[in-house]
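The values are calculated or read from the model by the stated rules, or taken from the named source; none is laboratory data. Note that the structure is predicted; figures quoted are calculated from it, not measured. For neighbour counting, all protein chains shown are included, and Cβ atoms are generated from backbone atoms with ideal geometry for every residue, glycine included.
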Amino acid sequence: MPTGHNSSIYRSNPPALIDAAPVITLRASGAMIFGKTTTTEFATTAVGGPSCNPHDPSRTPGGSSSGSGAAVGDYQVPIALGTQTGGSTIRPGSFNGIYALKPTWGAISREGLAQYSMTCDTLGLYARSVEDLELLASVFQLADDEPVSPEPFELKGAKIAFCKSPVWHKAGPGTQAAYTKAQELLRAQGAEISDLDLPEDFAKIENWHANVLAGEGRTSFLGNYLLARDQLDPLIRGHVENVEKISRKAQLESYDGCARLRPVWDELASKYDAVITPSVVDEAPAGIGHTGDASFCCMWSILQVPTLNVPGFAGEHGLPIGLTVAGPRYTDLHVLHVGKAIGEVFQKEGGWKHKLF
């Protein structure tokens, strides 16, 4: 199928002759590939369009996996693939009112996909139910060390932490309301709710993530820059030209800081059955020219942990807002298992109803 990375450089090129590894896996498992969906240029920029939000065409479906999130939210396809380097899977999941899983980094091969950041790029999965995500998880052979019980997860007595994260100051009224209501709903189910305050160093991750993307984007896009620099988005050109003047020392400090905090997160999160954190700043913003703010997702991307957007809440304009269930690395199936039980409560009592049908 034609593979142009939504870049004018490749719009007149012939289709790719080799499937990416995830598509090979799906085809070999009997999946029928319907087609391709819109992404931002090289799944890198925040420039949106032409895809729009199925719940309000005047608003963005998010990005970079814009078309995949919109197509599943619009009932055009049951499942879809995306990628996440910052918030490119979880944000469209929230904006389109669907489930979205960003697995543990490296749990699914990215061979054959365009690379932005080797440290953060992760294949993402979209569906309208956790059952469909579990089907995909089985196809891609996701596995936890601790087996997941086949029984429904019991919320009564479950230890669930709520983590505002260091960028909580960006949370809009819709996300703040969803965060508060989620605590009330789960507490009413008998869950033990507590607040999780992260150590101070986690506040540095936002800057570290930006440094890593700039440094890795500098090398990933060099070839395309030399091929046709004037056709690339300014963000991509800026990475190659290092307009931010990020030193190699700063890049190494960012790598090492994030690597040091990954096991710290794993230990903190392992004390709870689930950690819930915001997915987005608020409901999908107006206009399709910009895909929205990924601030609440970036930390989890560079920590390389599994995250699941769970829909169920609504913003002030009646558009969907989700919350994220996050876990330690390589607990993908556990995150899905717990997320299914939490999602049933959120979707029943959270206040947002799918209005397309």
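Tabulated values for the structure
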item: Wholly within the range 149-262, helices (runs of 4 or more DSSP H) carrying at least 1 residues that are closer than 16 Å to residue 274 by Cβ and without any contact (Cβ under 8 Å) to a residue 60 or more places away in the chain; result: 173-188
item: Condition check for residue 73: among the small types (Gly, Ala, Ser), in contact with a strand residue (DSSP E or B) (Cβ under 7 Å, 6 or more places away or on another chain), modelled with pLDDT of 95 or more and under 20 Å from residue 352 (Cα atoms); result: no
item: Complete set of residues in the range 271-311 that are part of a strand (DSSP E or B) and either free of Cβ contacts under 8 Å to residues at least 60 places away in the same chain or farther than 16 Å from residue 97 by Cβ (or both); result: 274, 275, 276, 277, 286, 287, 290, 307
item: Residues located in the range 314-357, provided they are more than 19 Å from residue 303 (Cβ to Cβ), acidic (Asp, Glu) and either touching a residue at least 24 places away in the same chain (Cβ under 8 Å) or part of a loop (DSSP other than H, G, I, E, B) (or both); result: 316, 349
item: Residue, surrounded by the fewest Cβ atoms within 10 Å (Cβ to Cβ), within the range 109-125, restricted to residues that are touching a Gly at 6+ places or on another chain (Cβ under 9 Å) and small (Gly, Ala, Ser); result: 117
item: Qualifying residue in the range 176-188 (condition: out of contact with any Lys or Arg (no Cβ under 8 Å at 6 or more places or on another chain), closer than 19 Å to residue 295 by Cα, surrounded by fewer than 18 Cβ atoms within 10 Å (Cβ to Cβ) and at pLDDT 95 or above); result: yes
